[in-house]
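Colleague: Take this structure first; my questions come after.
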Amino acid sequence: MCRPRAPRLLRLARTAAFYVVTFAVVAAGAIWLALRVSPLQTVSAAGQTAQVGATLPNASLRGPGELDLFGQVMATKPDFAGPIRPRLALEHITIDPQVIQMLRASGPSKVALTLSQQLAAGWEHYFLWETLIAIGFAAIPLIAIAAVRKRPAIWKLLAGGIAVVIAVNVGGIALTASGTPQVLRSVKTLDDLVGVDPLTGTAAAGAPQPGVQAVVIGDSTAAGWGLPWGPSPTAEDQACGRSPQSYAADLAAANQWTVLNVACGSATVENGLLGPEVLYNGQIAPPQLPQAAAATRAKLVIVSVGADDLSWSVMTQLCAAQAVCDDKVSSAYFTQLLNTFTRNYYQLLSDLDALPAHPAVLVNQYYSPFGVNVGCLQKYGMAPAKVQVLLARLGQLNKVLQQGANLFGFGVATPRFTGHELCTAVPWVQGPSDSAPLHPNAAGELAIALADQQAFPLLSPPPVELPVPAKTPSPTATSALG
């Protein structure tokens, strides 16, 4: 009597094992595919745009998530429970009054305060979409298996398989990643996500310099790159390209002030102004902003920064060498650099706003080195269409500089080289054969000083009128750009 039951039980066991294996394989494959293709959820707050998704399953049960900060991929500072962890991408920042208000109230890293709430909501929305997509991926093989086996009914196999997918997906997330939204909501600053760069924000101010009335910080434009050194330059002056023909020296002479020029060639906001800069000869230049803070009685800080953050020199050389300059790759790269610069510029503006002496701040925009006629540059591959692309990108940089300065209540100076660009009779820009192509020559530095003088007329004692930039033509261009 018992023998007939054995084959039946065996068949039931085999059938059950088949469905268990089938449902497990289909569920695992569907969830894996869904994690790969589910669209990241876009969230916005405080002028920032971010995307939220999930990493692929990890072998460990706890670890960091993944953060894409303007194209730079790094592990998050906080750890998350579970094999599936958040993948976050901060891709755009826009200067607006809301961001400035938050910066002034709580510091630059607090711009993530409201964004953290959106990140948690984006994580939850992402998994709703991921579950629906996983169901779609599971339905295809389940229908195919039911059609081949012809039993049970397709709808029964489909319903069972989808139930397993939902249970595994939702249940697995509930068990292993239930704490992720809480961790994301606890993130109050960008520093909470990425940590603090040990090279920035940690340098102490130098020895007090109460005799300094104005400080110039920035890049090679402010340093006077390519112009002659003074009679006794220091090793740092030489490595940074600081010249007594810079606009800082012109302003000092005109206003009878002591002007401290700590600008340095190739300086960026992160590596130069806020953090130390490794110079081309291996020397380390100290951060510029702490040196400005040491000028405890300074009435003015002038800032020239942005070109090196955007790799302007390299972009110009690539533009000259390529057939076109506005290809999708270089355009995307420029946008990425501009977004990164915007965030770092926020940090700089906030730190300038918090200087103990509360000096006035003047941000210099960049001059246009190209005029209407670029015929003398065509032999170097610089056609008029290419120049228009470069000028458009320069305009985007200048727009960011002006927007940020205006929202903080800082001044903006706009040097005009009209009629004295490259290929004119009397250029104020160093040519391709000079030591620093596209940088201002001595007359160009004087023109920048004039723009600063006009933008900040409240100098004391009454300023001496600056002379008109000299009309001495620069050497004929004979070598390639860069």
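The values are calculated or read from the model by the stated rules, or taken from the named source; none is laboratory data. Since the model is a prediction, treat every value here as computed from it, not as a measurement. Virtual Cβ from ideal backbone geometry, glycine too; neighbours counted across all protein chains shown. Quick note on the areas: whole protein, heavy atoms, side chains included, nothing else; ligands and nucleic acids left out. Shrake-Rupley method; radii C 1.70, N 1.55, O 1.52, S 1.80 Å.
Colleague: Checking the condition within 30 Å of A298 (Cβ to Cβ) and either outside any helix (DSSP H, G or I) or modelled with pLDDT of 90 or more (or both), which residue from A392, A480, A470 passes?
Modeller: A470
Colleague: Another one. So which residues in region 366-385 are open to solvent by 30 Å² or more (accessible area, probe 1.4 Å) and of a type in the set (A, V, I, L, M, F, W, C), if there are any at all?
Modeller: V372, C376, A383, A385
Colleague: In addition: What helices (runs of 4 or more DSSP H), lying completely within region 149-231, carry at least 3 residues that are at pLDDT 65 or above?
Modeller: The helices (runs of 4 or more DSSP H) meeting that bar are 154-176, 180-186, 220-223.
Colleague: I'd like to check something: does region 325-345 contain any residue that is in contact (Cβ under 8 Å) with a residue 24 or more places away in the chain, open to solvent by 40 Å² or more (accessible area, probe 1.4 Å), assigned to a loop (DSSP other than H, G, I, E, B) and within 21 Å of A449 (Cα to Cα)?
Modeller: Taking every residue of region 325-345 in turn, none turns out to be in contact (Cβ under 8 Å) with a residue 24 or more places away in the chain, open to solvent by 40 Å² or more (accessible area, probe 1.4 Å), assigned to a loop (DSSP other than H, G, I, E, B) and within 21 Å of A449 (Cα to Cα).
Colleague: The conditions are (1) polar (S, T, N, Q); (2) without any contact (Cβ under 8 Å) to a residue 40 or more places away in the chain; (3) open to solvent by 50 Å² or more (accessible area, probe 1.4 Å), and Q403 fails exactly one of them. Which is it?
Modeller: Result: Q403 passes all but (2).
Colleague: When L310 is evaluated against the numbered criteria (1) in a loop (DSSP other than H, G, I, E, B); (2) under 30 Å from K379 (Cβ atoms); (3) open to solvent by 60 Å² or more (accessible area, probe 1.4 Å), which criterion, by number, is the only one it fails?
Modeller: Result: L310 passes all but (3).
Colleague: Would you pick out the residues in region 355-365 that are surrounded by 18 or more Cβ atoms within 10 Å (Cβ to Cβ) and either of a type in the set (G, A, S) or assigned to a strand (DSSP E or B) (or both)?
Modeller: Within region 355-365, V361, L362, V363, N364 qualify.
Colleague: Mind listing whichever residues of region 14-57 are of a type outside the set (A, V, I, L, M, F, W, C), modelled with pLDDT of 75 or more and open to solvent by 50 Å² or more (accessible area, probe 1.4 Å)?
Modeller: Across region 14-57, the qualifying residues are R36, P39, T42, P57.
Colleague: Moving on. So for region 248-271 (the condition being farther than 27 Å from A443 by Cβ and in a loop (DSSP other than H, G, I, E, B)), does at least one residue qualify?
Modeller: Looking for residues that are farther than 27 Å from A443 by Cβ and in a loop (DSSP other than H, G, I, E, B), one finds at least one in region 248-271, hence yes.
Colleague: Enumerate the pairs (first residue in region 117-138 and farther than 29 Å from L157 by Cα; second residue anywhere and open to solvent by less than 30 Å² (accessible area, probe 1.4 Å) and not in a helix (DSSP H, G or I)) with beta-carbon separation below 6 Å, excluding pairs fewer than 6 apart on the same chain, so at least 6 apart or on different chains.
Modeller: Between residues of region 117-138 that are farther than 29 Å from L157 by Cα and residues that are open to solvent by less than 30 Å² (accessible area, probe 1.4 Å) and not in a helix (DSSP H, G or I), the close pairs are Q118/V43; Q118/A45; L119/V52; G122/V43; G122/V52; W123/V52; W123/P86.
Colleague: Turning to a different aspect of this structure: Could you say whether any residue in region 96-111 is modelled with pLDDT of 70 or more and among the aliphatic types (A, V, I, L, M)?
Modeller: Within region 96-111, not a single residue is modelled with pLDDT of 70 or more and among the aliphatic types (A, V, I, L, M).
Colleague: Let me ask something else about it. Among A144, A134, which is at pLDDT 70 or above, among the hydrophobic types (A, V, I, L, M, F, W, C) and open to solvent by less than 20 Å² (accessible area, probe 1.4 Å)?
Modeller: Testing whether each residue is at pLDDT 70 or above, among the hydrophobic types (A, V, I, L, M, F, W, C) and open to solvent by less than 20 Å² (accessible area, probe 1.4 Å) leaves just A134.
Colleague: Take region 221-245 and flag every residue that is small (G, A, S) and under 32 Å from the mean Cα position of the chain (by Cα).
Modeller: Correct list: A222, A223, G224, G226, A235, A239, G241, S243.
Colleague: Something else about it: Quick check, is Q388 touching a helix residue (DSSP H, G or I) at 6+ places or on another chain (Cβ under 9 Å) and either open to solvent by 20 Å² or more (accessible area, probe 1.4 Å) or farther than 29 Å from F410 by Cβ (or both)?
Modeller: So Q388 fails the test.
Colleague: Moving on. Looking only at region 412-422, which residues are surrounded by 18 or more Cβ atoms within 10 Å (Cβ to Cβ) and more than 18 Å from D219 (Cα to Cα)?
Modeller: The answer is F417, H420, E421, L422.
Colleague: For region 253-262, what are the residues that are surrounded by fewer than 21 Cβ atoms within 10 Å (Cβ to Cβ) and under 22 Å from Q430 (Cβ atoms)?
Modeller: Answer for region 253-262, where residues must be surrounded by fewer than 21 Cβ atoms within 10 Å (Cβ to Cβ) and under 22 Å from Q430 (Cβ atoms): just A253.
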